[in-house]
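The structure appears right after this line, and notes come after that.
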Amino acid sequence: MEKRSVKIEDLFETKPVTNPVLAPNNKEAVFIVTEVKKEDNDYRSALHHVDLQTNNVTQWTFGKQKVSAPKWSADGKMLAFLSNRTEKNQLYIMQTAGGEARQLTHCTNGIDSFEWSPCGRKIWFSGRLKKGGTFASTEEANEELPQPVRVTKMNYKTDGTGLLPQDEFTQIGYIDIATCSVSNFTVEPFDHSLEAVSHDGGQLIIGVNRNEDADYDFSLPLWIVDIESKDETLLIDEQGFFADVHFSKDDRYIAYVGSDLTFKNFTQPDVFIYDQSNGLTMNLTAGIDAPIGDHSISDHLQQASAPGVVWTEDEQIYFQLSVMGDVRLYAATLDGAIYPATGEEEHVYGYDVAANGEFALLTVSTPTNPGELYKHTIATGEREVLTSFNENWLKKVLPVEPQAIFTNNGEDVHGWLLKPAHYEEGKQYPLLVQIHGGPHVMFGNTYYHELQMLAGNDYGVLYMNPRGSHGYSQAFVDGVRGDYGGGDYEDIMASVDEVLANEEWIDKNRLGVTGGSYGGFMTNWIVGHTNRFKAAVTQRSISNWVSFFGVSDIGYFFTDWQLDADMKDPDKLWKHSPLKYAENVETPLLILHSEKDFRCPIEQAEQLYITLKSLGKETEFVRFPDSDHNLSRTGKPNLRIARLEEIIGWFERYL
């Protein structure tokens, strides 16, 4: 059977396989499979189980819901997970020997996270409560008349949520599994995060910032709390972002992942180790000039998450590292030895490691494979595929293999080129330049539906990691700070020049450009500074840094961090605003934006659209209802399809 190219509708065909979690016996595991359901216009996910001795895979949960965060009890006899079966995420538990899952919590605002107590009789959890409220209350939320909201803080809204409740705080509680009785552990009117529980059951790691004026306080102090006495020992209190906390098997060491604000939010994350025996902390990965964690972007993966680190019995530590477009599994010892545990040219987006360190369970994607679950022998690198959820799709569809591109623009700029799916020697084709958001993420060696769909419609696709992208050096990721539209613009245009000089099949008179968020900013910037592109699509973009400062949920600090300027220097904000250069635009520009985007609010698109129209420019504006900044990744499926159709339709019209 002749294989076809990737289509828009393949959004409904591929199934993300995510979140592998080994049982304590290391002989079985669970993972999550998600489907985008056209008939429901929603996402559905289910728990699956794999027997690692027989490789038999069995679906464990069913129904029209999402499940997340599966965790085994210490004896492996029970499995707990979160599910939105009753609209809000609640905690469920099931016997691993068989039987239905039962709901443990009925919290009004749902459950955010949880951790097993090693005794197996109690589960710790976190969730939002009204000031002075308790988890034991079963009060239902009442329909009330709309009320005014008094705002006294700068951090009062967030994308995906909207206005933040002014009288609610995230608290930590615990539930007795036998009686389902719930109790509060924290009650102070501050947000608390549940980070980890020690293996002996005597300690919690919690995060809480008790500063009542925290608008410019970007710290989340982490505390080691004695459960019995509630005595606290400070683990870390620095400006920055620190989380993903994990105890070593004997509880002596505590590992966590994070970064300070040396380079603002450009600072690359590291793995830190705290020794409880002497109170000393070391940066285990200080010698690696690349970011710890998964910084690759994809529109295919749903609910994909991975632990910050995994400890083995011999005190080796495993973690993800993003480098040169790859996300690889690395291992380290406490004496400083660090080595890769997986190979190149792939995206390890989920993992767990056997306690003895002999093998890892990996979920892995490549540019031409949406991903499956693998058993990976660490010593030899041998790999056994355990699932086949995307096998039938790959039997009928042939994604395009990308070609790596390196452009020297002072230093190497790394990218990839997709040829049109139906490429024929001697013919010429249009080229689309795709720019990622962030800017501190990276395009990588992973399956990306939108890129493959564009190639499937016979466009060449160039996507690259200009300065500001993660996955390279600290200097490279910091290279865009204060210089939006400078060196990053030059990197992109140099990459375009590189492929035009070397690929005769590209029609230089049919170039298009698109991108979202930072990529939308850069699309706006490009069409205001060159007329080389014959069509452009800007998505969830920034056009005016002056207004962005006050309307974005992160604008009041992000603007300063990214541009080295705030409202005390509006001239610099305006200098870097694409709106300033609207009169120069000659490229037909389609503007796509979500109505409920609080990260890059829709007024950014409105200003750009009205300004361009008033100047007689060729432009159209498409608004997506009930959608936030993540429309392209987690939005309603019908709107995701509509968005892709708009992009293709615009390029077909003008290219």
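Going by the structure shown, is Gly486 open to solvent by 10 Å² or more (accessible area, probe 1.4 Å), more than 20 Å from the chain's Cα centre (by Cα) and at positive phi?
Against the criterion (open to solvent by 10 Å² or more (accessible area, probe 1.4 Å), more than 20 Å from the chain's Cα centre (by Cα) and at positive phi), Gly486 does not qualify.
Which condition number does Tyr43 fail, the rest of (1) at pLDDT 95 or above; (2) out of contact with any helix residue (DSSP H, G or I) (no Cβ under 8 Å at 6 or more places or on another chain); (3) open to solvent by less than 40 Å² (accessible area, probe 1.4 Å) being met?
Of everything listed in (1) at pLDDT 95 or above; (2) out of contact with any helix residue (DSSP H, G or I) (no Cβ under 8 Å at 6 or more places or on another chain); (3) open to solvent by less than 40 Å² (accessible area, probe 1.4 Å), Tyr43 misses just condition (2).
Yes/no per residue for (1) of a type in the set (Lys, Arg); (2) within 23 Å of the chain's Cα centre (by Cα); (3) under 29 Å from Gln474 (Cα atoms):
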{"site": "Ala178", "(1), (2), (3)": "no, no, no"}
{"site": "Ser181", "(1), (2), (3)": "no, no, no"}
{"site": "Tyr216", "(1), (2), (3)": "no, no, yes"}
{"site": "Leu220", "(1), (2), (3)": "no, yes, yes"}
{"site": "Ile224", "(1), (2), (3)": "no, no, no"}
{"site": "Asp260", "(1), (2), (3)": "no, yes, yes"}
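Among the residues of the stretch 599-647 satisfying the criterion of being open to solvent by less than 10 Å² (accessible area, probe 1.4 Å) and β-branched (Val, Ile, Thr), which is nearest to Ile8 (Cα to Cα)?
Ile647
Taking Gly438 and the conditions (1) open to solvent by less than 20 Å² (accessible area, probe 1.4 Å); (2) within 23 Å of the chain's Cα centre (by Cα), which numbered condition does it fall short on, given that it satisfies the others?
So the condition that Gly438 fails would be (1).
Matching residues to (1) in contact (Cβ under 8 Å) with a residue 60 or more places away in the chain; (2) assigned to a strand (DSSP E or B); (3) within 26 Å of the chain's Cα centre (by Cα):
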site: Glu345; (1), (2), (3): yes, no, yes
site: Val348; (1), (2), (3): no, yes, yes
site: Tyr351; (1), (2), (3): yes, yes, yes
site: Ala355; (1), (2), (3): yes, no, no
site: Ala360; (1), (2), (3): no, yes, yes
site: Pro370; (1), (2), (3): yes, yes, yes
site: Tyr374; (1), (2), (3): no, yes, yes
site: Glu384; (1), (2), (3): yes, yes, no
site: Phe389; (1), (2), (3): yes, no, yes
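Check the stretch 134-146 and report whether any residue there is modelled with pLDDT under 95 and buried (at least 20 other Cβ atoms within 10 Å of the Cβ).
Yes, some residue in the stretch 134-146 is modelled with pLDDT under 95 and buried (at least 20 other Cβ atoms within 10 Å of the Cβ).
Among the residues of the stretch 552-579, how many are outside any loop (DSSP other than H, G, I, E, B) and either touching a helix residue (DSSP H, G or I) at 6+ places or on another chain (Cβ under 9 Å) or surrounded by fewer than 18 Cβ atoms within 10 Å (Cβ to Cβ) (or both)?
16
Answer yes or no as to whether Thr14 is at pLDDT 95 or above, in a loop (DSSP other than H, G, I, E, B) and surrounded by 15 or more Cβ atoms within 10 Å (Cβ to Cβ).
yes
Would it be correct to say that Asp40 is under 27 Å from Thr108 (Cα atoms), assigned to a loop (DSSP other than H, G, I, E, B) and of a type in the set (Asp, Glu)?
So Asp40 fits the description; yes.
Going by the structure shown, is Ser543 within 27 Å of the chain's Cα centre (by Cα) and part of a loop (DSSP other than H, G, I, E, B)?
yes
One residue is enough: does the stretch 148-161 have a residue meeting the conditions over 20 Å from Leu194 (Cβ atoms), in a loop (DSSP other than H, G, I, E, B) and open to solvent by less than 50 Å² (accessible area, probe 1.4 Å)?
yes
Does any residue of the stretch 601-611 turn out to be of a type outside the set (Lys, Arg) and at positive phi?
Checking the stretch 601-611: not a single residue is of a type outside the set (Lys, Arg) and at positive phi.
Among what's in the stretch 197-215 and is open to solvent by less than 10 Å² (accessible area, probe 1.4 Å), in a strand (DSSP E or B) and in contact (Cβ under 8 Å) with a residue 24 or more places away in the chain, pick the residue that is farthest from Lys249 (Cα to Cα).
Among those residues, the one meeting the criterion is Gly207.
Tell me which of these Thr14 doesn't satisfy, since it passes every other one: (1) within 16 Å of Pro637 (Cβ to Cβ); (2) free of Cβ contacts under 8 Å to residues at least 24 places away in the same chain.
(2)
Which residues, taken from the stretch 464-480, are under 30 Å from Lys7 (Cβ atoms) and open to solvent by 10 Å² or more (accessible area, probe 1.4 Å)?
Correct list: empty.
Among the residues of the stretch 21-40, count how many are open to solvent by 10 Å² or more (accessible area, probe 1.4 Å) and closer than 19 Å to Ala74 by Cβ.
Summing the residues that are open to solvent by 10 Å² or more (accessible area, probe 1.4 Å) and closer than 19 Å to Ala74 by Cβ in the stretch 21-40 gives 7.
I'm trying to understand the selection: among the residues of the stretch 162-196, which are of a type in the set (A, V, I, L, M, F, W, C) and open to solvent by less than 60 Å² (accessible area, probe 1.4 Å)?
Leu164, Phe169, Ile172, Ile175, Ile177, Cys180, Val182, Phe185, Phe190, Leu194, Ala196
Just for the stretch 309-361: of the residues that are among the hydroxyl-bearing types (Ser, Thr, Tyr) and farther than 22 Å from Val50 by Cβ, which one is most open to solvent (accessible area, probe 1.4 Å)?
If we take residues in the stretch 309-361 being among the hydroxyl-bearing types (Ser, Thr, Tyr) and farther than 22 Å from Val50 by Cβ, then Tyr339 is most open to solvent (accessible area, probe 1.4 Å).
In the stretch 51-73, what count of residues is obtained for those that are in contact with a Phe, Trp or Tyr (Cβ under 7 Å, 6 or more places away or on another chain) and open to solvent by 60 Å² or more (accessible area, probe 1.4 Å)?
Within the stretch 51-73, residues that are in contact with a Phe, Trp or Tyr (Cβ under 7 Å, 6 or more places away or on another chain) and open to solvent by 60 Å² or more (accessible area, probe 1.4 Å) number 1.
Could you list, in sequence order, the residues of the stretch 404-430 that are in a strand (DSSP E or B) and either closer than 11 Å to Ser495 by Cβ or more than 28 Å from the chain's Cα centre (by Cα) (or both)?
Correct list: Ile405, Phe406, Thr407, Asn408, Asp412, Val413, His414, Gly415, Trp416, Leu417, Tyr429, Pro430.
Among Lys264, Lys230, which is the only one that is among the basic types (Lys, Arg) and in a loop (DSSP other than H, G, I, E, B)?
The match here is Lys230.
Please tell me if Gly240 is under 28 Å from Gln320 (Cα atoms), at pLDDT 95 or above and either open to solvent by 50 Å² or more (accessible area, probe 1.4 Å) or part of a strand (DSSP E or B) (or both).
Yes; evaluated as a whole, the condition is true for this residue.
Is there a residue being outside any loop (DSSP other than H, G, I, E, B), within 22 Å of the chain's Cα centre (by Cα) and buried (at least 24 other Cβ atoms within 10 Å of the Cβ) anywhere in the stretch 506-514?
Yes, the stretch 506-514 has at least one match.
Report, by residue number, each residue of the stretch 558-598 that is within 15 Å of Gly486 (Cβ to Cβ) and hydroxyl-bearing (Ser, Thr, Tyr).
Ser577, Tyr581
The values are calculated or read from the model by the stated rules, or taken from the named source; none is laboratory data. Bear in mind that the values here come from a model prediction, so they are computed numbers and not experimental data. Cβ atoms come from the backbone with ideal geometry, glycine included; neighbour counts cover every protein chain shown. Please note that ligands, DNA and RNA were not included when accessible areas were found on the heavy atoms of the full protein model with its side chains. Shrake-Rupley method; radii C 1.70, N 1.55, O 1.52, S 1.80 Å.
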